[in-house]
Amino acid sequence: MRTTWIANGVKLAWLIDVDADKLWIYRADSSVKIVSPLNQTITGEDVLPGFEFDLRLLS
């Protein structure tokens, strides 16, 4: 599925699995970052400047 997102022009995607306490960050350059545990703040990087989300709000 993630290759479909990128193939259709998505520049940044987050897949959050609260039960697994894990986040996957997919970028247009095909890089993937895995964040675990969900105890930090993610940003919109250069795609959504100024956007921040505290992952601790999900627990």
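The values are calculated or read from the model by the stated rules, or taken from the named source; none is laboratory data. If you're wondering where the values come from, they're calculated on a predicted model, not measured in any experiment. For neighbour counting, all protein chains shown are included, and Cβ atoms are generated from backbone atoms with ideal geometry for every residue, glycine included.
Taking the range 21-59 as the region of interest, how many residues are surrounded by 11 or more Cβ atoms within 10 Å (Cβ to Cβ), aliphatic (A, V, I, L, M) and out of contact with any helix residue (DSSP H, G or I) (no Cβ under 8 Å at 6 or more places or on another chain)?
Summing the residues that are surrounded by 11 or more Cβ atoms within 10 Å (Cβ to Cβ), aliphatic (A, V, I, L, M) and out of contact with any helix residue (DSSP H, G or I) (no Cβ under 8 Å at 6 or more places or on another chain) in the range 21-59 gives 5.
Restricting to the range 26-59, name every residue that is modelled with pLDDT of 95 or more, in a strand (DSSP E or B) and of a type in the set (A, V, I, L, M).
ILE34, VAL35, ILE42, LEU48
Can you confirm whether the range 24-33 contains a residue that is over 27 Å from ASN8 (Cα atoms) and among the hydrophobic types (A, V, I, L, M, F, W, C)?
No - not one qualifying residue is present in the range 24-33.
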